[in-house]
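Scroll down for the structure; my scribbles are underneath it.
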Amino acid sequence: MERSSLISFPVAAGGVFNGALTGRENLAFLCRVFGFDPVPIIRFVLDFTEIGKAIDKPFKNLNRDERTRLLFTACYAIPFDVYLVDESIIGGRGSFRTRCEELVRERMRTAGFLIVTSSPALVRKYCDDVFVIDEYLVRQAVDVVEAEAWVGADRLRDGDGVLDMVADGGDSTVINPR
């Protein structure tokens with residue numbers, strides 16, 4: 001079966017932003033790459049992140065909180081068919097984190113999510129379908145308990161997909177959320 005979908009860059013992936021470009025310039029570039037008008041996307045990001053004039057600073061000069069807000073919001077601001085998530089599905093602190101979680105739930109109603117994680121808690125919170133990739137094989141598990149048994153508890157860690165600041169994660173389980 002063949003399927004055509006617009007797939008996101010990994011959520012909160014700092015590598016998609018050029019440090020010398022401003023947040024606004026980076027967003028405009030991403031919009032052009034994926035075929036979207038940058039004006040409404042940038043407007044959404046400004047409203048959602050509440051970073052104000054910081055969006056016009058070079059990305060490398062933003063503080064960690066501003067970078068985190070911009071990276072998480074940039075991906076979800078573009079209406080992808082499928083979002084790629086590597087461990088960190090939401091980020092930031094306080095009210096931003098709460099708004100980010102609401103935004104993710106909203107996107108889950110209209111788009112698919114492919115989450116690569118080694119966290120049973122993240123799987124339980126967001127996923128209906130669970131697949132384990134191990135030794136070059138992909139197997140569908142009945143539930144998280146079965147997936148945990150296949151992978152082995154010693155290879156799992158129990159993060160919940162929430163980060164105060166952007167960071168890299170590991171992987172061993174691929175899941176398809178609700």
Taking N as the number of residues in the range 7-70, the ratio of its alpha carbon radius of gyration to 2.2 N^0.38 Å works out to 1.01
Of all trypsin sites (Lys or Arg not before Pro) in the range 1-46, the ones in DSSP coil with at most 16 other Cβ atoms within 10 Å are Arg3
Of the residues Pro120, Ser95, Ala149, the Cα lying farthest along the dipole of the chain towards its positive end, which is defined by charges on the beta carbon of Lys, Arg, Asp and Glu, belongs to Ser95
Dividing the helical contributions, -39500 (n - 2.57) per DSSP H run of n ≥ 4, by the residues of the chain yields a 222 nm value, nearest 500 deg cm²/dmol, of -12000 deg cm²/dmol
For the chain, Rg(Cα) over 2.2 N^0.38 Å is 1.06
Nearest 10, in degrees from 0 to 90: the angle of helix 64-77 to the longest Cα principal axis of the chain is 80
Interchain or sequence-distant (5+) residues whose placed amide H lies within less than 5 Å of the amide H of Asp134 are Arg139
With Cα springs under 10 Å, the Gaussian network model of the chain assigns the largest mean-square fluctuation among Cys100, Cys75, Cys127 to Cys127
So the angle from the long Cα axis of helix 38-49 to the longest Cα principal axis of the chain, reported in degrees to the nearest 10, equals 80
The answer for Thr22, listing residues at least 5 apart or on another chain whose modeled amide H is closer than 5 Å to its amide H, is Phe59
Taking a crude spin-label model, label points 7 Å out from Cα along the C-beta direction, the Val39 to Val16 distance in nm is 2.3
Nearest 10, in degrees from 0 to 90: the angle of helix 94-110 to the longest Cα principal axis of the chain is 70
Magnitude of the Cβ-charge dipole (Lys and Arg +1, Asp and Glu -1) of the range 14-177 about the Cα centre, nearest 20 debye, reported as 800
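Just so you know, all these numbers are worked out from the coordinates, no wet-lab data involved. The shown structure was predicted, so the numbers you read here are calculated from the model rather than taken from an experiment. A quick note on method: Cβ atoms are made from the backbone with ideal geometry, for glycine too, and the neighbour counts reach across all protein chains shown.
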